[in-house]
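Engineer: Quick one: the structure is below, and I'll ask about it shortly.
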């Protein structure tokens, strides 16, 4: 089963917690054991798993991405001017695979699943696919 989910982002750079959306999909599909792939089909956005208890982690990560991949680099040749967003998305990656056991996501105590926007605000999609 593949399910498309739409999400509206509100800022140029943003990490949106989608853990509950993924868990709801596990319940809807009654997945007892298996895995879920969370996939982002965009070149300027991605999916990551990281800290979800301390909100400073998200802001620190976004700040550091901007330091590593600044927006105004004269040598960047990409006509759209969003090379930084492509670099950030490639660093984060397009997908994550999460193990499902006993109808729950096998995540660490502090982990959450995030849709990472690097070129917003936009209307975006991501996909959930079961592996069982």
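The values are calculated or read from the model by the stated rules, or taken from the named source; none is laboratory data. It should be emphasised that the depicted structure is a prediction, and the values quoted were computed from it without experimental measurement. All Cβ positions, glycine included, derive from the backbone under ideal geometry; neighbour counts span all protein chains shown.
Engineer: In segment 1-18, how many residues are over 12 Å from the mean Cα position of the chain (by Cα), in a loop (DSSP other than H, G, I, E, B) and either closer than 30 Å to residue 66 by Cα or free of Cβ contacts under 8 Å to residues at least 12 places away in the same chain (or both)?
Structural biologist: 3
Engineer: Then there is this: Note down all Cβ pairs under 7 Å where the first residue falls in segment 95-106 and is free of Cβ contacts under 8 Å to residues at least 24 places away in the same chain, the second is in a strand (DSSP E or B), and they're at least six residues apart or on different chains.
Structural biologist: Note: pairs meeting the criteria are 106/98; 106/99; 106/100.
Engineer: Do the conditions hold for residue 84, that is, is it surrounded by 13 or more Cβ atoms within 10 Å (Cβ to Cβ) and touching a helix residue (DSSP H, G or I) at 6+ places or on another chain (Cβ under 8 Å)?
Structural biologist: Here the answer is yes, as residue 84 does meet what is asked.
Engineer: Can residue 43 be described as surrounded by 14 or more Cβ atoms within 10 Å (Cβ to Cβ), in contact with a helix residue (DSSP H, G or I) (Cβ under 8 Å, 6 or more places away or on another chain) and either closer than 24 Å to residue 4 by Cβ or at pLDDT 95 or above (or both)?
Structural biologist: yes
Engineer: Counting only residues that are touching a strand residue (DSSP E or B) at 6+ places or on another chain (Cβ under 8 Å) and over 12 Å from residue 124 (Cβ atoms), how many does segment 1-27 have?
Structural biologist: Step one: of segment 1-27, the residues touching a strand residue (DSSP E or B) at 6+ places or on another chain (Cβ under 8 Å) are 1-9, 11-19, 21-23, 25-26.
Add one more test, that the residue is over 12 Å from residue 124 (Cβ atoms), and what stays is 1-3, 11-13, 15, 17, 19, 21-23, 25-26.
Number of matching residues: 14.
Engineer: Restricting the search to segment 59-81, which residues are at pLDDT 95 or above and surrounded by 14 or more Cβ atoms within 10 Å (Cβ to Cβ)?
Structural biologist: Initial filter on segment 59-81 (at pLDDT 95 or above): 59-69.
Those that are at pLDDT 95 or above and surrounded by 14 or more Cβ atoms within 10 Å (Cβ to Cβ): 61, 62, 65, 66, 69.
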